[in-house]
1. State which residue pairs qualify: first residue on the phi > 0 side of the Ramachandran plot and inside the range 54-72, second residue not in a strand (DSSP E or B) in any location, beta carbons under 8 Å apart, and separation of 6 or more residues or different chains.
2. For the condition at pLDDT 90 or above, over 14 Å from the mean Cα position of the chain (by Cα) and surrounded by 11 or more Cβ atoms within 10 Å (Cβ to Cβ), what is the one hit in 166, 116?
3. Kindly list, by first and then second residue, each pair from a residue in the range 16-44 that is at negative phi and in contact (Cβ under 8 Å) with a residue 24 or more places away in the chain to a residue that is assigned to a loop (DSSP other than H, G, I, E, B) and exposed (fewer than 14 other Cβ atoms within 10 Å of the Cβ), limited to pairs with Cβ atoms under 6 Å and residues at least 6 apart or on different chains.
4. Does any residue of the range 121-140 turn out to be in a helix (DSSP H, G or I), out of contact with any strand residue (DSSP E or B) (no Cβ under 6 Å at 6 or more places or on another chain), modelled with pLDDT of 80 or more and surrounded by fewer than 18 Cβ atoms within 10 Å (Cβ to Cβ)?
5. Could you check how many residues of the range 67-85 are more than 14 Å from residue 45 (Cβ to Cβ), within 14 Å of the chain's Cα centre (by Cα) and buried (at least 17 other Cβ atoms within 10 Å of the Cβ)?
6. Confirm whether residue 66 is modelled with pLDDT under 95 and under 15 Å from residue 150 (Cα atoms).
7. Hey, could you check the range 144-159 for residues that are assigned to a strand (DSSP E or B) and under 18 Å from the mean Cα position of the chain (by Cα) and say which is surrounded by the fewest Cβ atoms within 10 Å (Cβ to Cβ)?
8. Regarding residue 109, is this residue surrounded by fewer than 17 Cβ atoms within 10 Å (Cβ to Cβ), closer than 18 Å to residue 27 by Cα and in contact (Cβ under 8 Å) with a residue 60 or more places away in the chain?
């Protein structure tokens, strides 16, 4: 087997492992999906308290039933232009693995769409963009319902150092 064939076989196996239920959401005109098993809950926008000296993509913290959790603006994290909140803007609450255990974190998105059961046949590996573009957080591309949805590994959207900062923020 050639290296190229082995790489293709690994990528195909990886997309097969990614079949399952995904919560889909919008950021601008693009649709994304995260594995539903990572989602703790979805809440409407709450008052966000800004925390000084945090990265630009960290909106601040919220009080969620007595627990202070950091909130990340996914638009800013993905280097998209910021946008004012609307009545559809919401927070997807997930658990991330931090150095001191699980870190409950909220991610703001423009709009939550639906939960889709995406079979392996509809998932392709993320395209190669070259060495300078980090696509490690992309699980694959789902071709479903006449469009392409970017499947995101929410645990890899933030680097270990960024998660550690969130632990300190909360």
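The values are calculated or read from the model by the stated rules, or taken from the named source; none is laboratory data. The structure displayed is predicted, hence computed values, not measured ones. All Cβ positions, glycine included, derive from the backbone under ideal geometry; neighbour counts span all protein chains shown.
1. 60/48; 60/50; 60/51; 60/54
2. Values: 166 fails: at pLDDT 90 or above.
Sole residue among the options that is at pLDDT 90 or above, over 14 Å from the mean Cα position of the chain (by Cα) and surrounded by 11 or more Cβ atoms within 10 Å (Cβ to Cβ): 116.
3. Going by the 6 Å Cβ cut-off, the qualifying pairs are 19/119.
4. Initial filter on the range 121-140 (in a helix (DSSP H, G or I)): 121-122.
Filter once more, so that each one left must be out of contact with any strand residue (DSSP E or B) (no Cβ under 6 Å at 6 or more places or on another chain): 121.
Now restrict to residues that are modelled with pLDDT of 80 or more: 121.
Among the residues that remain, those that are also surrounded by fewer than 18 Cβ atoms within 10 Å (Cβ to Cβ) are: 121.
The answer is yes; a qualifying residue exists.
5. 2
6. Judged against the criteria, residue 66 is not a match.
7. Taking the range 144-159 and keeping what is assigned to a strand (DSSP E or B), we get 144, 147-152.
Within this subset, residues satisfying the condition of being under 18 Å from the mean Cα position of the chain (by Cα) are 148-152.
Values: 148: 14, 149: 24, 150: 19, 151: 24, 152: 22.
Selected residue: 148.
8. Details: surrounded by fewer than 17 Cβ atoms within 10 Å (Cβ to Cβ): no; closer than 18 Å to residue 27 by Cα: yes; in contact (Cβ under 8 Å) with a residue 60 or more places away in the chain: yes.
So residue 109 does not fit the description; no.
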